[in-house]
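> Provided herewith is a single structure, encoded as structure tokens, for subsequent inquiry.
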Amino acid sequence: MLQHAITFNHVSFEINQMNLLKNISGTFYKGHITTLIGPSGAGKTTLLKMCNGLISASQGQIMIEQEQIERIEPTVLRRRVGIALQSAPLLKNSVYENLALPRKLQEQKLSKEEALSFLQAVGLGANFLMREAADLSGGQKQKLSIARTLVNQSEVLLLDEITSALDPKSVREIEDLVVQLNEKYGVTIIWITHNIEQAKKLGHFTWMLKEGQLIEAAATDALFQSENPVVQSFIQREVAL
Amino acid sequence: MTYASLSLTLLFVLIPLALSKTLKLGLERDTMIATVRSVVQLLAVGYILNFVFASESVLYMLLMISLMIVAATLNVRKKGKNIPGITWKLVVTLLSIEAVIMSVLLGLQIMPATANFIIPISGMMIGNSMVLCILFLNRFQSEIAANEHTIELILSLGGTPKQAIHQQLMDSIKASMIPTIESQKTIGLVQLPGIMSGQIIGGANPIEAVQFQILIIFALLTCATLSSIILGFLVYPTLFNERMQKIVD
């Protein structure tokens, strides 16, 4: 039976008199990968940031498992629901310092052994530990960004177009890593991607958004065979690109 | 100095006016406005101070200090118009500095509790704080804009607003204090400070003038430290809401 990780009930978000999200209802299932697709400006990033409380809904309700999001202390929520962004912001410091940041924020230390195990989990060797984060390649930065999110042992991992600026080899490595995190550690993944093939290949479920509305949410195979003309038109246009 | 000899100093205004006109700098109007305003404002202050000193009224003295705080607040708040409640935060900052400085100077009887001491020193402290608050707000806002991703990263990893903005806050506090500290390193070597020069020109013993100047620079150091720290710690919490989300862009 599918368990609920995050549920949206009639969620809307308005800022500067613009409706970025309109009456979104749906569920992200525990232990599964859900991909979010849709054209730019569809509200995908806004929706993602709502899941870990960086933004609050103007209307409606978001539940984390069975608990209303507002009832969870923000720092606790953000450790439970981690986020990795396309820009992969890193501190101007060593790889170790970046990995240790989540612990430092809780006034705890990250041992070298733990740091190495997190690096290993994302496919980076021990020789990376004391390197400057700024010297890493795009793919390595994304891996470090994901590893840093793992330090909080998040139940849910939000990924915002993390492979869009990477070369094909790095894209494959990140995809393998995310699948491994999902299968091996049971981490729930919500992944925004512009890559239709990626969504189709990796997502157990897929949501399609357009102009702030949830057009369709379904099992990935079902969504790609949907007869909804908006979905079909978007998929065909993206495939043609 | 007679008014006739004072009027001869207008030559110092004519020189920049003539150069601005010749080089087509377009600064003639601003120079004229600045000249007229400084003459009117200083003469007005002169007459007001004359009246306040003669009256020996505490009420007038407090009114004068309040006016300085209001004028400084109105000047600085334009720099932080996106910050919620910036006006009262500035009032609290300036009042706190005035209270600390005067408590030490008057409480320890370092200087006499008379209007001719209290008002000029209050003016120097409030004026200096005003400049420091402007420096701090400019720097703090540009630090936040430049490090938006880092601030969001720390929040997203479960950090508190204080942790998210700590580095930007500390950098801005340091940056606004540096000019005061640097200028004090060369004081007396490069320039004779205004108050000391004024006393010496007025016939005071140079050693006494230096002693008074030392009092002022020490007080200015406290003023520099407190201005940005008090304002910084009042400002940063209001940049976030109760859900620890950044609310000011």
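The values are calculated or read from the model by the stated rules, or taken from the named source; none is laboratory data. Quantities reported herein were computed from a predicted structural model and do not represent experimental measurements. Cβ sites come from the backbone with ideal geometry, for glycine too, and all protein chains shown count toward neighbours. SASA here: full protein model, heavy atoms, side chains in, ligands and nucleic acids out. Shrake-Rupley method; radii C 1.70, N 1.55, O 1.52, S 1.80 Å.
> Pairs only if they're at least six apart or on different chains, beta carbon under 7 angstrom, first in region A:49-62 and within 11 Å of chain B (Cβ to nearest Cβ), second among the charged types (D, E, K, R); list them, first residue then second.
A:Asn52/A:Arg78; A:Gly53/A:Arg78; A:Gly53/B:Arg243; A:Leu54/B:Glu152; A:Ile55/A:Lys49; A:Ser56/B:Arg243
> Here is a follow-up. Taking the conditions exactly as written (at pLDDT below 90, polar (S, T, N, Q) and surrounded by fewer than 16 Cβ atoms within 10 Å (Cβ to Cβ)), does A:Ser111 satisfy them or not? Steps first, please.
Numbers: at pLDDT below 90: no; polar (S, T, N, Q): yes; surrounded by fewer than 16 Cβ atoms within 10 Å (Cβ to Cβ): yes.
When the stated conditions are applied, A:Ser111 does not pass them.
> Of the numbered conditions (1) within 14 Å of another protein chain (Cβ to nearest Cβ); (2) more than 27 Å from A:Lys201 (Cβ to Cβ); (3) of a type outside the set (Gly, Ala, Ser), A:Thr46 fails exactly one; give the number of that condition.
That leaves (2) as the condition not met.
> From the residues in region B:139-164 that are away from chain A (no Cβ under 13 Å) and of a type outside the set (Ser, Thr, Tyr), which one is most open to solvent (accessible area, probe 1.4 Å)? Working first, answer last.
Quick first cut of region B:139-164, residues away from chain A (no Cβ under 13 Å) only: B:139-145.
Among the residues that remain, those that are also of a type outside the set (Ser, Thr, Tyr) are: B:139-141, B:143-145.
Working: B:Arg139: 98, B:Phe140: 2, B:Gln141: 59, B:Glu143: 30, B:Ile144: 19, B:Ala145: 68 Å².
Restricting to residues being away from chain A (no Cβ under 13 Å) and of a type outside the set (Ser, Thr, Tyr), the top hit is B:Arg139.
> For the list (1) within 16 Å of B:Leu239 (Cα to Cα); (2) more than 15 Å from the chain's Cα centre (by Cα); (3) open to solvent by less than 30 Å² (accessible area, probe 1.4 Å), I need the number of the one condition that B:Phe136 fails.
Of the numbered conditions (1) within 16 Å of B:Leu239 (Cα to Cα); (2) more than 15 Å from the chain's Cα centre (by Cα); (3) open to solvent by less than 30 Å² (accessible area, probe 1.4 Å), the odd one out for B:Phe136 is (2).
> Still on this structure: For region B:7-28, what are the residues that are open to solvent by 70 Å² or more (accessible area, probe 1.4 Å) and either part of a loop (DSSP other than H, G, I, E, B) or within 28 Å of B:Leu67 (Cα to Cα) (or both)? Even if it seems obvious, please write down each step before you answer.
We begin by selecting, within region B:7-28, every residue open to solvent by 70 Å² or more (accessible area, probe 1.4 Å); these are B:8, B:10-12, B:14-15, B:19, B:21-25, B:27.
B:Leu10, B:Leu23, B:Lys24, B:Leu25, B:Leu27 - these are the residues of region B:7-28 that are open to solvent by 70 Å² or more (accessible area, probe 1.4 Å) and either part of a loop (DSSP other than H, G, I, E, B) or within 28 Å of B:Leu67 (Cα to Cα) (or both).
> Considering every residue within region B:135-158, establish whether at least one is touching a strand residue (DSSP E or B) at 6+ places or on another chain (Cβ under 8 Å) and outside any helix (DSSP H, G or I).
yes
> Quickly run through region A:81-117 and pick out the residues that are in a strand (DSSP E or B) and among the hydroxyl-bearing types (Ser, Thr, Tyr). I'd like the intermediate steps shown before the answer.
At the first step, the residues of region A:81-117 found to be in a strand (DSSP E or B) are A:81-84, A:94.
Matches in region A:81-117: A:Ser94 only.
> Given A:Ile6, A:Ile83, which one is β-branched (Val, Ile, Thr) and either away from chain B (no Cβ under 14 Å) or surrounded by fewer than 16 Cβ atoms within 10 Å (Cβ to Cβ) (or both)? Step through it out loud before you land on a result.
Details: A:Ile83 fails: either away from chain B (no Cβ under 14 Å) or surrounded by fewer than 16 Cβ atoms within 10 Å (Cβ to Cβ) (or both).
From the options A:Ile6, A:Ile83, the qualifying one is A:Ile6.
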